[in-house]
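Peer 1: Here it is, the structure, as structure tokens.
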Amino acid sequence: VRTLSYREAVTAALAAELESDPTVVVLGEDVGLGGVWVTTTGLADRFPGRVIDTPISELAFTGAAFGAAVRGMRPIVEIMFGDFLWLVTDTLVNQASKYWYLSNGQASVPLTIRTAVGAGGRFGACHSQTPTGALLGEPGLKLVAPASPADAYLLTRSAIRDENPVVVFEHKLLYGRRGEIDEEAPVVPIGRAAHLRRGGDVTLVAALAGVEKALVAAETLGEDGISADVIDLRSLRPLDTETIAESAARTGRLIVVEDGPPLGGYAAEVVAVAAEAAPVHVARVTMPDLPLPASMRLEDAALTSVEDIVQAARALVESGAVVG
Amino acid sequence: MLIEARTYRHKGHSRLDTGERYRPAEEVREWLERDPLLRAAAILPAEVAAALRRQVDAEIEAAVADARAAPWPDPDRERGASATKERA
């Protein structure tokens, strides 16, 4: 067990897989120097020829990685900003995610795409998105979202070992967070959420930077005598329907926190999963239905806050609505 | 009239790329010497070039001062904004 930052945990996960599997390679812009997020530091020296700087053409190098994956390599692509995922959607959605089906199982695509997402970093409308929603509806893809250094380590390793294309969403504001990682922990398949706190009055579901906010909100609610269940999704696709449905059915009240627009996101899917399983009162805490404003005051106002979560939870509890 | 201008990126593309990581330093230096602003200044009378420079500096400083003096936008008012422009 070591204490590492979230970004160091990513590096440690990449190093562990580069070490254990000679077919693993890393591609991306400036990755040879450590990358702009400082997540590949030292790897080019430690693994000569396997950490490859690419030209600024996301579709070209992701297409190359797709081809390499089909032919038996295990490439890890760094897309500098999640916003640039739009540039690679053709190879990711039309080719990589469908190849196993289209080839009648002749070849799978063990491709990992890592990308930095999230607002709050003063990067403006085109460098702050968390484009999870658009990829939620793509069969054949897996999407993971680490909220802690421990998960930055474990989920990255799980993603690399997965036989299918996986997108790892890393949150820019979490890179500096420190926490313990366990390098001896087993690398388990993707798909389980984490139950971070137990409570019976309301279920708070979040991902990425929203998890910290949900935990603080749960503390505040606890002082008011409202006990909250807190779930960190960890995997956005597949969703851990069992954990979501069990908690929502037990508390009867569900709040989903998503730092993204209100339509078409994982918050909507979590609500649907819970409602299909049992009657439940729901609320979503999301950003406004607008591109992210550039002004820092407006950006801060657009982000979900602890206060937003607390208010939404209080409103559900105080409405007196009870199900079941 | 069609003007074809062959241009060159003076600086790097990110904080890590200083501009000489993926290009020979000599090539970057040659292009910097051909900077069209420097070449234009060289063919103007010195006092005209100096006056233009002062004028442009003043415009930029005034714009920065305006921006600094402007009130912060009001989140409550902006929240009512629409992401799309509606036909009147």
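The values are calculated or read from the model by the stated rules, or taken from the named source; none is laboratory data. Bear in mind that the values here come from a model prediction, so they are computed numbers and not experimental data. FYI the Cβ positions are ideal-geometry reconstructions off the backbone, even for glycines, and counts take in every protein chain you see. Just the protein is used for accessible areas: all its heavy atoms, side chains included, with ligands, DNA and RNA removed. Shrake-Rupley method; radii C 1.70, N 1.55, O 1.52, S 1.80 Å.
Peer 1: Toward the positive end of the charge dipole of chain A, about the Cα centre and with charges on Cβ (Lys, Arg +1; Asp, Glu -1), which of A:GLY28, A:GLY82, A:ALA96 goes farthest?
Peer 2: A:ALA96
Peer 1: I would also like to ask the following. Counting only other residues whose beta carbon sits under 15 Å from that of B:ARG53, what net charge do I get with K and R as +1, D and E as -1?
Peer 2: -3
Peer 1: To continue, here is another question. Taking the Cα centre of chain A as origin and charging only Cβ (+1 Lys, Arg; -1 Asp, Glu), how large is the dipole, in debye to the nearest 20?
Peer 2: Here the size comes out at about 360 debye.
Peer 1: Here is a further query. So what's the Cα pair-distance distribution over the stretch A:113-171, bin width 5 Å, in %?
Peer 2: 4, 18, 27, 22, 18, 8, 3, 0
Peer 1: Where in chain A is the longest stretch that carries no GluC sites (Glu not before Pro) classed as loop by DSSP and with at most 16 other Cβ atoms within 10 Å?
Peer 2: Of all site-free stretches, the longest is A:1-162.
Peer 1: If one takes the longest principal axis of the Cα atoms in chain A, at what angle in degrees, from 0 to 90 and to the nearest 10, does the Cα axis of helix A:58-70 lie?
Peer 2: Tilt relative to chain A: about 80 degrees.
Peer 1: Counting other Cβ atoms within 10 Å, keep those with at most 12, restrict to DSSP loop, and tell me which trypsin sites (Lys or Arg not before Pro) in the stretch A:105-193 are left.
Peer 2: Details: sites: A:ARG114, A:ARG122, A:LYS142, A:ARG157, A:ARG161, A:LYS172, A:ARG177, A:ARG178, A:ARG192; in loops: A:ARG122, A:ARG177, A:ARG192.
Loop-located and lightly packed - A:ARG122.
Peer 1: Which number comes out as Rg/Rh for the stretch A:255-324 once both Rg and the Kirkwood Rh are worked out on C-alpha atoms? Could you put the intermediate results ahead of the total?
Peer 2: Working: Rg = 13.7 Å, Rh = 13.2 Å.
Rg/Rh: 1.04.
Peer 1: Could you give me the radius of gyration and the Dmax of the stretch A:3-91, taking only the C-alpha atoms into account and expressing both in angstrom?
Peer 2: In order Rg, Dmax, the Cα atoms of the stretch A:3-91 give 12.6, 39 Å.
Peer 1: Semi-axes of the stretch A:165-221's equivalent ellipsoid from the Cα gyration tensor, sqrt of 5 times each eigenvalue, largest first, rounded to whole Å?
Peer 2: Over the Cα atoms of the stretch A:165-221, the ellipsoid semi-axes are 23, 16, 13 Å.
Peer 1: What residues qualify as long-range amide H neighbours of A:VAL51, i.e. H under 5 Å apart, gap of 5 or more or another chain, H built at 1.01 Å from N?
Peer 2: A:VAL26
Peer 1: Can you give the accessible area of B:HIS10 in Å² (nearest 10), computed on protein heavy atoms with a 1.4 Å probe?
Peer 2: Near enough 70 Å² of accessible area.
Peer 1: Considering all projection directions equally, how large on average is the shadow of the alpha-carbon convex hull of the stretch A:152-194, in square nanometres?
Peer 2: Answer in nm², one decimal: 3.6.
Peer 1: Okay, next question. Could I have the simple spin-label model distance between B:GLU59 and B:THR84, label points 7 Å from Cα toward Cβ, reported in nm to one decimal?
Peer 2: The modelled label-to-label distance comes out at 3.7 nm.
Peer 1: Can you check what the Kirkwood hydrodynamic radius comes to for the stretch A:37-83, Cα pairs only, in Å to one decimal?
Peer 2: So the Kirkwood estimate lands at 11.9 Å.
Peer 1: Here's something else I'd like to know. What is the dipole size for the stretch A:227-274, taken about its Cα centre, with +1 at each Lys and Arg Cβ and -1 at each Asp and Glu Cβ, in debye to the nearest 20?
Peer 2: Working: 4 positive and 8 negative charges, 19 e Å.
Dipole of the stretch A:227-274, to the nearest 20 debye: 100 debye.
Peer 1: Over the Cα atoms, compute the radius of gyration (one decimal) and Dmax (the largest Cα-Cα distance, rounded to a whole number) for the stretch A:107-262, in Å.
Peer 2: Looking at the stretch A:107-262, its Cα Rg and Dmax stand at 15.7, 55 Å.
Peer 1: Calculate the translational D of the protein assembly as shown in whole µm² s⁻¹ from Stokes-Einstein, where the hydrodynamic radius comes from the Kirkwood formula applied to all Cα pairs, the temperature is 10 °C and the viscosity 1.306 mPa s. Intermediate results must be reported in sequence, preceding the final value.
Peer 2: Numbers: Rh = 23.8 Å.
D = 67 µm²/s.
Peer 1: If Rh is defined by the Kirkwood formula over all Cα pairs and Rg also comes from Cα, what ratio Rg/Rh do you get for the stretch A:197-324?
Peer 2: 0.96
Peer 1: Next up: Take B:THR18 and A:LEU59, extend 7 Å from each Cα along the Cα→Cβ direction, and tell me the distance between the two endpoints in nm.
Peer 2: Result: 3.4 nm between the two label points.
Peer 1: Also, quick follow-up: Quick check: Cα centre of the stretch A:153-211 to Cα centre of the stretch A:108-123, how many Å?
Peer 2: Between the Cα centres of the stretch A:153-211 and the stretch A:108-123 lies a distance of 14 Å.
Peer 1: Find the centroid of the Cα atoms in the stretch A:266-304 and in the stretch B:1-63, then give the distance between the two in whole Å.
Peer 2: Centre-to-centre (Cα) distance: 45 Å.
Peer 1: Within a Cβ distance under 13 Å of A:GLY32, other residues only, what is the Lys/Arg minus Asp/Glu net charge?
Peer 2: Spelling it out: positives minus negatives among the neighbours equals -3.
Peer 1: Against the longest alpha carbon principal axis of chain A, how many degrees, from 0 to 90 and to the nearest 10, is the axis of helix A:210-223 turned?
Peer 2: 20 degrees
Peer 1: Please work out, to two decimal places, the log10 of the ratio I(q)/I(0) at q = 0.22 Å⁻¹ from a Debye calculation in which every Cα of chain B carries one identical scatterer.
Peer 2: -1.09
Peer 1: Could you give log10 I(q)/I(0) at q = 0.14, 0.18, 0.24, 0.28 Å⁻¹ for the stretch B:37-88, computed by the Debye formula over C-alpha point scatterers of equal weight, without solvent?
Peer 2: For the requested q values the scattering log ratios are -0.63, -0.73, -0.94, -1.00.
Peer 1: Counting only C-alpha contacts under 8 Å and six or more residues apart, can you give the relative contact order of chain A as a whole percent?
Peer 2: 16 percent
Peer 1: Next question, about the same structure. Using +1 at the C-beta of Lys and Arg and -1 at the C-beta of Asp and Glu, which of A:GLY118, A:LEU14, A:SER128 has the Cα lying farthest in the positive direction of the dipole of the protein assembly as shown?
Peer 2: Result: A:LEU14.
Peer 1: Return the lysines within reach of A:LYS213: Cα separation strictly under 19 angstrom, same-chain partners fewer than 8 residues apart disregarded; answer none if there are no such residues.
Peer 2: Leaving aside lysines fewer than 8 places away in the same chain, those within reach of A:LYS213 are A:LYS172.
Peer 1: Report the percentage of all Cα-Cα pairs in the stretch A:61-169 whose separation exceeds 17 Å, rounded to a whole percent.
Peer 2: The proportion of pairs with Cα distances above 17 Å equals 51 percent.
Peer 1: Further question: Using the Karplus equation 6.51 cos²θ - 1.76 cosθ + 1.60 (θ = phi - 60°), what ³J(HN,Hα) coupling, rounded to whole Hz, does each residue of the stretch A:240-254 give in order, writing x for Gly and Pro?
Peer 2: Working through the residues one at a time gives 7, 4, 5, 5, 4, 5, 4, 5, 5, 5, 6, 8, x, 9, 10 Hz.
Peer 1: May I ask you to derive the FRET efficiency for A:GLU163 and A:ALA272 from their Cβ-Cβ distance with R0 = 22 Å, giving the value to the nearest 0.05? Before the final figure, lay out the partial values.
Peer 2: On the way: r = 28 Å, r/R0 = 1.26.
Calculated value: 0.20.
Peer 1: With the dipole of chain B worked out from charges on the C-beta (+1 for Lys and Arg, -1 for Asp and Glu) around the Cα centre, which of B:GLY19, B:VAL56, B:ALA40 lies farthest toward the positive end?
Peer 2: Among B:GLY19, B:VAL56, B:ALA40, the one farthest towards the positive end of the dipole of chain B is B:GLY19.
Peer 1: What's the magnitude of the charge dipole for the stretch A:247-315 around its Cα centre, counting Lys and Arg as +1 and Asp and Glu as -1 at the beta-carbon? Answer in Debye, nearest 20.
Peer 2: With Lys and Arg at +1 and Asp and Glu at -1, about 320 debye.
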